[in-house]
Amino acid sequence: MLAVLLAVVLCVGSGVVWAVTDGEQPQPKKPTAVRQAPDDIRDTVEESPRSPEADLAVDYNEKEFKKRFGRETVHAPGAWATEKNFVRGTGSTLKGFKFGTSKEDWSTELTGPICDTTRHVTADGRTAVLLQEKGDKPKPKGKDEKSKKKSKKDKGKRSKDKSRKAEDPDKFLCTQLAFFDLNTGEKLWQVKLPDAEEAFAPHANVTMTRGTVAVAWSQGSVAYDMKHGRQLWTSAASAECRDLGFAGGRDLLALVRCGDTEEPRFKVQKVRPRTAEPEWTYKVARGVERVYLVSSDPAVLAVSTAGTAVTDLITLDDRGDYRATIDMPEGRFVDNCHKPLFGTVETCDAIAVGRDQLFLAASKGTPADNWIASYDLGTGKTVKKFDSKPDRPMYPLRVSGGRLLAFRPSDDGVSPAAVVSLDPRTGKEAPYLLFGMPDRIGMENPEENEIIIEHGRVFFAPRELSAEDSGPWKGTAFSALGVEGA
């Protein structure tokens, strides 16, 4: 039925296929990708599909949802795509899907529910998943912590802060780290985090950089070699400072909080992945209540001076020195950084960062606020404004081959939704993919879904799954939708 609806919508919308362009469709130069080693974090360059009119690539629904999970709503972190398949993590299962048929290619049962994932994938299609350990509950309140031996590779390792209150005793700990091949579903290795008595979701964070998987849980951190799962280093929190989390990709940034929670002091460090040795340290100004790591290279921070909403973006150079500040007036831009159920550090997926510019979407406050603004990373000044269509906001997704790929949802359920390609130099817009999305799925809100573009395909995956309570889809939860060029 979904495939039929897609076809109908695309046929109806065929008369407006080029309505999203600015003049004739430009003929883009063929993008080139730098050859990467298997352990590099994937940095693909998207080529325009042969046709912007999309076909269905993946349609994944969880039937008999409540019977399987035993509750109405389930958190569902984890969605990835490779050249070969789409992978979805739900509960204690990873599933891979072939393109075009929506048939399950493979299914891998995990040792516990998924509690955190990373969006980063290696050049050869591997990624890390943090799992809850069944039966591994926190210690009772008041129980003294065991003393920890000092690691030879971490001179700054300190004892835990005993004054911290215990977490909800009914929650399970996120103490298992597994490394998977997304193309086959094969688990390559799995380890238990050392001394992770307080590694609770969503305060546990996993990320990757070249050859290294790093995990932090506010009371400690550890890193492992990708190839064999061998521990590289570990660090424990002290009464003064602790690692809140890491941002991966080309580099590895650590967010460190010092002081108490009422008057925190933050610093960001670029660390050597294999040793945790800091290469530089940037001290965030006092008065900041929260820090998010938007990008590791170029280094971009999002900070909040009041509450959880981002008030400023800060850019740093390759030595960790301050470059510029970009003001984020309240209610003006979409940052989508605060996700209390899905991590607290590397979470700003509504801000796209390129080598020289970053891109922000205006808020949906009024129909006139439908645009994306680009900012120079060196000066913090506005470079260009990309206007959307009336009543149709646009959201930046990723920078690829020097162009920005952005999502524009449908405003009426009839005209197609679109991913468009924007040229930062000229402001010109060209269609990338045009497709229909049934309203009942509720996947058009980027603040509630992961949106992935990879190898000419676009995927939508809700961060929470809930079963339909009536109608022909009663009892079914819509888990993922993917489209590809015809």
Average projected area of the Cα convex hull of segment 362-486, in nm²? 9.2 nm²
Using amide H atoms built in the peptide plane, which far-off residues or other-chain residues are under 5 Å from Arg290 H to H? Ser304
Cα extents of segment 313-432 along the three principal axes, largest first, in whole Å? 50, 37, 24
Stokes-Einstein at 25 °C, 0.890 mPa s, Kirkwood radius from Cα pairs: D for segment 203-329 in µm² s⁻¹? 166 µm²/s
If we sort 185-194, 465-474 on the protection proxy, mean other Cβ atoms within 10 Å, highest first, what's the order? 185-194, 465-474
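Read-outs: derived from the displayed coordinates by stated rules, not from any lab. Everything numeric in this text was worked out from a predicted model, so none of it was measured. So basically every Cβ, Gly included, is an ideal-geometry build from the backbone, and we count neighbours across all protein chains shown.
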